[in-house]
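Below: one structure, written as structure tokens.
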Amino acid sequence: MSSRIDAVLAHARARLDRLDPHAAAAAAAAGALLVDIRPAAQRSTEGEIPDALIIERNVLEWRMDPTCDARLPQVTGDDIKVIIVCSEGYTSSLAAASLQDLGLRHATDVVGGFRAWERCGLPTIAFSDKDRHLQ
């Protein structure tokens, strides 16, 4: 028997065009916004993806809503491509679906999250608490 959250997650993922880490890296290189929603504690343990925007999960919708005064300057409209990354690819699916609910139809996430990114040998850096936080 599956839990309610399993059903919610399956529903969210059914509408996402999820990307494996290599496809996500290529999309980011082509101009998509790669957004890391992990809290500082996880990033300090696991590391970070160079050039990823850091927007912790609790403020994501406000920073990514093109109609909100609190949006980031990179959020120019509903057509932007946003790729969400979390630790293992669960929270990111729910977050990407939430962004789609806001109208960002190209929002998606990374299958397997940061851990899969790292296992694929893609670039990572040690946690840095400098002024990278855009929230």
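Here Arg4 fulfils each of the conditions (1) surrounded by fewer than 18 Cβ atoms within 10 Å (Cβ to Cβ); (2) in contact with a helix residue (DSSP H, G or I) (Cβ under 8 Å, 6 or more places away or on another chain) apart from (2). A single entry from Leu60, Leu16, Leu9 fulfils the requirement of being under 16 Å from the mean Cα position of the chain (by Cα), at pLDDT 95 or above and assigned to a loop (DSSP other than H, G, I, E, B): Leu16. Here Val59 qualifies as over 16 Å from Gly31 (Cα atoms) and of a type in the set (Val, Ile, Thr).
A single entry from Ile83, Ile54 fulfils the requirement of being out of contact with any Lys or Arg (no Cβ under 9 Å at 6 or more places or on another chain) and either surrounded by 14 or more Cβ atoms within 10 Å (Cβ to Cβ) or more than 23 Å from Ile5 (Cβ to Cβ) (or both): Ile83. Answer yes or no: is there a residue in the range 28-37 that is of a type outside the set (S, T, N, Q) and either in contact with a Phe, Trp or Tyr (Cβ under 6 Å, 6 or more places away or on another chain) or on the phi > 0 side of the Ramachandran plot (or both). Checking the range 28-37: at least one residue is of a type outside the set (S, T, N, Q) and either in contact with a Phe, Trp or Tyr (Cβ under 6 Å, 6 or more places away or on another chain) or on the phi > 0 side of the Ramachandran plot (or both).
How about the range 100-113: which of its residues are within 10 Å of the chain's Cα centre (by Cα) and not in a loop (DSSP other than H, G, I, E, B)? Within the range 100-113, Thr108, Asp109, Val110, Gly113 meet the criteria. Among the residues of the range 65-90 satisfying the criterion of being out of contact with any Gly (no Cβ under 8 Å at 6 or more places or on another chain) and either touching a residue at least 40 places away in the same chain (Cβ under 8 Å) or of a type in the set (A, V, I, L, M) (or both), which is farthest from Arg15 (Cα to Cα)? Here the answer is Ala70. Put simply, of Thr124, Thr91, Thr76 the only residue that is in contact with a Lys or Arg (Cβ under 9 Å, 6 or more places away or on another chain) and either among the β-branched types (Val, Ile, Thr) or surrounded by 15 or more Cβ atoms within 10 Å (Cβ to Cβ) (or both) is Thr91.
The values are calculated or read from the model by the stated rules, or taken from the named source; none is laboratory data. If you're wondering where the values come from, they're calculated on a predicted model, not measured in any experiment. A quick note on method: Cβ atoms are made from the backbone with ideal geometry, for glycine too, and the neighbour counts reach across all protein chains shown.
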